[in-house]
Amino acid sequence: MMGGGASALPATERAGDGPESPQPPSPPTEDEVAAQKRKRVHSDDDESQAQLDCYPYAFSPLLLFAPGSYFDKGYSNYHAVARFFSSVLEVDMLDNVLCDRKNLLYEELLDLVNDRQMLVTCCIDAHFTAFQMLGGHQLIYYDPAKQGTTLFSGDAAKRLAIYLLLKCGYGNSQHVQDNPEEYYSSMTSSSTRRLIFKTYRDMNKPYGGSGLSYGGKPCAFDLREWFLCNVKSCPGDMSTQKTGNTCYFQTYLFALLCKTGGPLRLKSGVLNVPDVARLERSSVAVARFLLEFWRGPDGALRPLTNANVVLDFHRYESAVYYGTMVEYLESRGGPAPRYPEQLDFVLDYLRRTRILHRYSRFSLQGAVAAAPNTKSLQKIKESENATAYLAGGHYYKYRASSLGFGFTAYIFMKLRSFSRFQALRKNQLLAYYDRLKPILEDIASCDAVKAGPARDYYFLAQFEAGQRELVDAHHYGYAADLASLLRKAGHANRDLDARVRSVNQALTDAVYFSTSRQSDYEEFIDVRDLPRYKQIHDDFLSNFMSFEFFLKYIGLGMTDEDPKVKDISALTRHAFYATKLMSRQTHRMEYEFEKEVLNNAARATLRKYTQTLDPGAQLGRGYRVSLRIGQGFAYSKYNTLMHFLNVCENYWRNPDLSGL
């Protein structure tokens, strides 16, 4: 049997809130955010305690302090770097920055970017660039592959901004595609709309223009000193990327100059940086934080934020950026932190701490919603590739058209591990989480769940992600299986059974059941009559979503399901049928169309469906795990959350981990 496992814009004020409207809680301060990231962890071998920062940073000094040829890709982005340095800067580097898609028409987005004089980061063909709007239809463009910056004015600035916004897909491109004539190229269309459509059309031609030949001219800053982001020998120019995969970091340095030294103003053809003092403080803070990351001056340790720290730490010796950071701090009049000593603190912690993670010491502080907003949530109505969507690493982004369709045999028979089965169950629960929330939130308090030896195996992955809905779904998947196994072994737990039955009772109206009679098995049982079918009703309330239930019942129907069709029948909806009945029917020919459709579906899926399940599962089964690191496994050098589990990929195949 298989097994378990930012918006860049500031929020606008709500209009029309009266004096009696409840006030939202104030946002957390930097100190409160930092406190949420840390945990007090007690060492097994030492009575002392270490302050740990366990925030899952998506950027690491290991990515920067490495030889230029070590990484074949950048493996980070502007948003990740901005979050990495957020605790040491005076300025919010994500405020008034466009770095992700907005649900706006491109003409609206262009006006927004120009009116607010926003910084826009662009990633085209895995290469990061950026431009800063200056107002007055002017922008300054920066490409990390070229020294210096380029000034675009007037119509050239407008055309370049439209090209980059379209190329990055920051606006509603579908609207341009769907309304080319009546909105963008009609006689009443504005010049901006015509330019947007022309740029979109040219950009999608097989041999479109580069988009950057708009007549810009070089423009320097009025800096006289080296501030890390500019060139030491020529302070007026922005520096270039020092290795082939650090364009994202250089883009961040350009943003650092624009936001901490700004707002920039163009004076006599030169870019004026008014707040040089804050730029200096910020650049020093960035360089110092990189060299003190693993153990900060406040004593906070970060040994668990990247699993390759022991293997890759020494590569700083050949890294260009490491020498740059040390040289810059020394040029500011102070000694640079001794970076090699950082590894000693990490190794000392790892030696003293035998067990890095204890289940009981994780908390749900700062939990975030698991489901994305409704605009990005996708409905799955076709069985082709549905398993990858509903039971893959990003299962929480998708929803099955119905509960029955999500468990159809077409999807179920393609599951290859218990972790995917668990992910599919969680996906199905998320669709009904609002009605199940009071029960699921309390499922972990059941004594049987608390004492379960396999609880950590079900739960480890999403506990790290900190999403409450997925945490509750993890617990319930374990609770459903445990209740089924206890009942099968004759040791039923009343409290656990009552909780499972209450969840399934709430889902009664979301599924369809066949009568499972040979004479009319194509007919569905009315939900009001379901209690009259005692065996089916009891199996559903007691075992639904456990593997015992799927051994007895199989979900069948057409390969696709359209929930908009109002007619409810075996041809339009998926329902559960008795496995034994459908096993007999696979060898029969029926003259009624609906029955023959179901028979054909059973013929195509039943064998693979039953092979997916292990009928011998029992409460007392044990197993032994042996991991041979270095024998056939390539230890990943890339910075992904908890990728240390890649060494046991053949044992632990969990979409929660592989999708992070």
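Which loop-located GluC sites (Glu not before Pro) does the range 185-294 contain, where loop means any DSSP state but H, G, I, E or B and the Cβ has at most 14 other Cβ atoms within 10 Å? Walk me through the numbers on the way to the answer.
Numbers: sites: E225, E280, E292; in loops: E225, E292.
Those satisfying the criteria are E225.
Could you work out what % of the accessible surface of the range 178-269 is carbon and sulfur, using a 1.4 angstrom probe and leaving DNA, RNA and ligands out of the count? It would help to have the intermediate numbers written out before the result.
Numbers: 2340 of 4600 Å².
Result for the range 178-269: 51 percent of the exposed heavy-atom area is carbon or sulfur.
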Any chance you could tell me what percent of the C-alpha pair distances in the range 481-566 go past 20 Å?
40
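So, for the range 178-323, what is the accessible surface per residue at a probe of 1.4 Å, expressed in square angstrom?
On the way: 6590 Å² over 146 residues.
Each residue of the range 178-323 exposes 45 Å² on average to a 1.4 Å probe.
How much FRET efficiency would the formula 1/(1 + (r/R0)^6) give for S69 and E225, where r is the Cβ-Cβ distance and R0 is 30 Å, rounded to 0.05? Display every interim value, and only then the final one.
Working: r = 32 Å, r/R0 = 1.07.
Once rounded, the FRET efficiency stands at 0.40.
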Given points 7 Å out from each Cα along the Cα-Cβ axis, report the Q518 to D495 separation in nanometres with one decimal.
4.7
Over the range 516-566, volume per residue of the alpha carbon convex hull, in Å³:
127
Over every pair of different alpha-carbon atoms in the range 79-175, take the mean of 1/r and invert it; report that Kirkwood radius in Å.
14.0
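Please say if the range 284-339 is rounded, prolate or oblate, where rounded means a/c under 1.5 for a ≥ b ≥ c the square roots of the C-alpha gyration tensor eigenvalues, and otherwise the choice is prolate for a/b larger than b/c and oblate otherwise? All intermediate terms of the calculation are to be shown ahead of the outcome.
Values: a/c = 2.78, a/b = 1.33, b/c = 2.09.
Note, shape of the range 284-339 comes out oblate.
Could you check how much of the accessible area of the range 466-589 is carbon and sulfur, as a whole percent, using a 1.4 Å probe? Before the final figure, lay out the partial values.
Details: 2780 of 5490 Å².
Ligands and nucleic acids excluded, carbon and sulfur reach 51 percent.
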Would you kindly derive the ³J(HN,Hα) couplings of the range 129-139 from the backbone phi angles with the Karplus curve 6.51 cos²θ - 1.76 cosθ + 1.60 (θ = phi - 60°), listing them in order in whole Hz, with x for Gly and Pro?
9, 7, 9, 10, 6, 10, x, x, 6, 10, 8
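Is the shape of the range 106-239 best called rounded, prolate or oblate, per the rule: a/c under 1.5 gives rounded, else a/b larger than b/c gives prolate, else oblate, with a ≥ b ≥ c the square roots of the Cα gyration tensor eigenvalues?
Working: a/c = 2.54, a/b = 2.04, b/c = 1.25.
It comes out prolate by the Cα gyration axes.
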Log10 I(q)/I(0) at q = 0.19 Å⁻¹ for the range 213-340, from Debye over equal alpha-carbon scatterers, is -1.15
Protein-only accessible surface order, largest first, of L343, L63 at 1.4 Å:
L343, L63
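If you wrap the range 178-276's Cα atoms in a convex hull and average its projection over all directions, what's the area in nm²? Don't jump to the answer; show the numbers that get you there.
Values: hull surface 39.8 nm².
That works out to 10.0 nm², a quarter of the Cα hull's surface.
Assign one of three labels to the range 570-610, namely rounded, prolate or oblate, based on the Cα gyration tensor with a ≥ b ≥ c the square roots of its eigenvalues; rounded applies when a/c is under 1.5, prolate when it is not and a/b is larger than b/c, and oblate otherwise. Working shown, then result.
Values: a/c = 1.75, a/b = 1.19, b/c = 1.48.
Note, shape of the range 570-610 comes out oblate.
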Would you compute, for the Cα atoms of the range 232-290, the largest minus smallest coordinate along each principal axis and list the three values in descending order, in whole Å?
35, 22, 20
L350-D275 pseudo-label distance in nm [points 7 Å out on the Cα-to-Cβ vector]
4.0
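The values are calculated or read from the model by the stated rules, or taken from the named source; none is laboratory data. This is a predicted model, so every value here is computed, not measured. All Cβ positions, glycine included, derive from the backbone under ideal geometry; neighbour counts span all protein chains shown. All accessible areas refer to the heavy atoms of the entire protein, side chains included, with ligands and DNA or RNA removed. Shrake-Rupley method; radii C 1.70, N 1.55, O 1.52, S 1.80 Å.
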